[in-house]
1. Tell me the residue from Ala196, Ala173 that is without any contact (Cβ under 8 Å) to a residue 40 or more places away in the chain and touching a helix residue (DSSP H, G or I) at 6+ places or on another chain (Cβ under 8 Å), please.
2. Looking at Ala79, Ala148, Ala118, which is the one that is within 17 Å of Thr203 (Cα to Cα) and modelled with pLDDT of 95 or more?
3. Quick check: is even one residue across the range 143-164 on the phi < 0 side of the Ramachandran plot, without any contact (Cβ under 8 Å) to a residue 40 or more places away in the chain and charged (D, E, K, R)?
4. Please state which of the following conditions Thr127 fails to meet, knowing it meets all the rest: (1) assigned to a strand (DSSP E or B); (2) hydroxyl-bearing (Ser, Thr, Tyr); (3) surrounded by fewer than 17 Cβ atoms within 10 Å (Cβ to Cβ).
5. Take Ala194 and decide whether it is outside any helix (DSSP H, G or I), of a type in the set (Gly, Ala, Ser), open to solvent by 10 Å² or more (accessible area, probe 1.4 Å) and on the phi < 0 side of the Ramachandran plot.
6. If I ask for residues that are in contact with a helix residue (DSSP H, G or I) (Cβ under 6 Å, 6 or more places away or on another chain) and open to solvent by 20 Å² or more (accessible area, probe 1.4 Å), which ones from the range 55-79 would you list?
7. Is it true that Gly159 is small (Gly, Ala, Ser) and at pLDDT 95 or above?
8. Can you confirm whether Thr90 is of a type outside the set (D, E, K, R), open to solvent by 20 Å² or more (accessible area, probe 1.4 Å) and in contact with a Phe, Trp or Tyr (Cβ under 7 Å, 6 or more places away or on another chain)?
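The values are calculated or read from the model by the stated rules, or taken from the named source; none is laboratory data. None of these values were measured; they are calculated from a predicted model. Ideal geometry is used to build each Cβ from the backbone, glycine not excepted, and the neighbour counts take in all protein chains shown. Each accessible area value is taken on the protein alone, full model and side chains, heavy atoms only, with ligands, DNA and RNA left out. Shrake-Rupley method; radii C 1.70, N 1.55, O 1.52, S 1.80 Å.
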Amino acid sequence: MKYRLLATSGLAACLALTAAACSSSPSSSSASSPATSAPASSAPASSGATTASDFGPGCASVPKTGAGSFTGMSTAPVATAASANPVLSTLVTAAKKAGLVDTLNSASGITVFAPDNAAFAQIPAATLSKVLADKAELTKILTYHVVAGRYTPSQLAAGTPLKTLEGATVTPALMGGTYEVNSADVVCGNVQTANATVYIINTVLMPPSS
């Protein structure tokens, strides 16, 4: 697959823009307004682990206390919050290799579709090692998982394609009670960090070839 190089300076500039400038995010998803819980009719019941808004079977794997818990993550910027969560350790390693940690932490209001460790484990080890060693390709893949604006579950359920920071779009959906993004299942959704809304997914999303 041939990938075009995504300049870090261009990424940082896009992240600094408002949600309206970088994506099709509705005004209600602005960086200054944290995402609200979806109505009961459009979102599964909360896991009940730590907050009233997180949902999904994967939430049971999130630590109950400490920096990696839902409460702890809510006070830290997204890359820092993810680094404290053991289920996202491979994603954090990838973000460090791509040089995206500072960029993500300084972003103002984003949605991150975060593959868990099991998602990365589905990729053959040799292929994963190759991708992790290719900064341009890795940046393209990781920025395909990030959308400007903080999206609520009800907004994802609407099924409107969302433009990613990579430039292509992802398509969310609510199928039979399960939230999906490009057919990847959301295993723990609506997790709040200081600057992002995170949906932990069970598959690494691959951007379309250039």
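1. Unique residue meeting the criteria: Ala173.
2. Ala118
3. No, the range 143-164 contains no residue that is on the phi < 0 side of the Ramachandran plot, without any contact (Cβ under 8 Å) to a residue 40 or more places away in the chain and charged (D, E, K, R).
4. Result: Thr127 fails condition (1) only.
5. Criteria met by Ala194.
6. Ser61, Gly66, Pro77 - these are the residues of the range 55-79 that are in contact with a helix residue (DSSP H, G or I) (Cβ under 6 Å, 6 or more places away or on another chain) and open to solvent by 20 Å² or more (accessible area, probe 1.4 Å).
7. Spelling it out, Gly159 is indeed small (Gly, Ala, Ser) and at pLDDT 95 or above.
8. Yes: the conditions hold for Thr90.
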